[in-house]
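Chemist: Got a structure here, written out as structure tokens. Questions coming.
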Amino acid sequence: EEGRECDCEDQSLVPIDALTYNPNGKSVLYTSGGSVFEMDAETTQTRRIADVELGGVRCMAVSYDAKRLAIGLADGTIAILDGESRESWTIASKWYAHRRAVNALAFSPDGSRLAISYTHSSEIRDAKTGNTLFRLDPWFDSDSVYVGIFSPDLSMVAHSTWAARVLWKIPEVGMHEE
């Protein structure tokens with residue numbers, strides 16, 4: 001099947017910072033020019049869902065229930081947007097997570113945890129508070145993590161660095177806050 005151009009109106013010349021599929025597969029969410037957009041996967045019609053004015057967007061992830069969106073920034077900040085109403089998305093929380101750029105994000109299936117990959121390391125955090133629950137040992141400290149992907153249940157994480165591909169099993173110990 002041929003690709004289709006999206007109906008992006010005034011966004012046609014503004015580059016996309018990050019994009020991700022909605023877990024239901026019916027739309028694509030992306031950031032561009034300080035706003036978050038949702039594009040219908042079938043009709044390609046696009047609507048602005050939030051004006052967030054976040055600079056240096058590197059990546060994003062949508063919770064499985066499609067009610068929250070995590071955005072990772074180049075300065076190590078994470079912003080969580082709440083879209084409970086699906087019409088009006090707002091920044092629910094924002095925290096400085098790390099001194100390095102955020103390269104990849106993934107929500108746990110229940111939305112309670114957020115897996116985060118930075119340059120040189122990865123960790124699992126509480127998605128509401130931002131508290132660190134587990135940190136992967138950065139044995140590759142001199143190498144940058146370019147891509148981090150997490151299994152849907154967050155039991156495994158795969159990293160790709162310049163020199164290696166690493167698969168980690170994440171232990172359950174310490175994963176839940178008391």
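Chemist: Tell me the Kirkwood hydrodynamic radius of region 69-133 in angstroms, computed as one over the mean inverse distance between distinct C-alpha pairs. Spell out each step's value before the answer.
Modeler: Working: mean 1/r = 0.0843 Å⁻¹.
Final number for the Kirkwood radius of region 69-133 is 11.9 Å.
Chemist: How large is ³J(HN,Hα), in whole Hz, for each residue of region 100-116 in order, when computed from phi with the Karplus curve 6.51 cos²θ - 1.76 cosθ + 1.60 and θ = phi - 60°, using x for Gly and Pro?
Modeler: 10, 4, 8, 9, 7, 9, 7, 7, 5, x, 8, x, 7, 10, 10, 8, 10
Chemist: From the Cα trace of region 21-112, what convex hull volume per residue do you get, rounded to a whole Å³?
Modeler: On the way: hull volume 8.2 nm³, N = 92.
In region 21-112, the Cα convex hull volume per residue is 89 Å³.
Chemist: Check Arg113: other-chain or 5+ apart residues with amide H under 5 Å from its amide H, H built from backbone geometry?
Modeler: Counting only residues 5 or more places away or on other chains, the set is Ser108, Ala127.
Chemist: For labels at Trp95 and Asn22 in the simple 7 Å Cα→Cβ model, what's the distance in nm?
Modeler: Taking the two extended label points, one gets 2.8 nm.
Each value in this text was obtained by applying a stated rule to the coordinates, not by laboratory testing. No experiment lies behind these values; they were computed from the predicted model shown. Cβ coordinates were reconstructed from backbone atoms using ideal geometry, including for glycine residues, and neighbour counts include every protein chain displayed.
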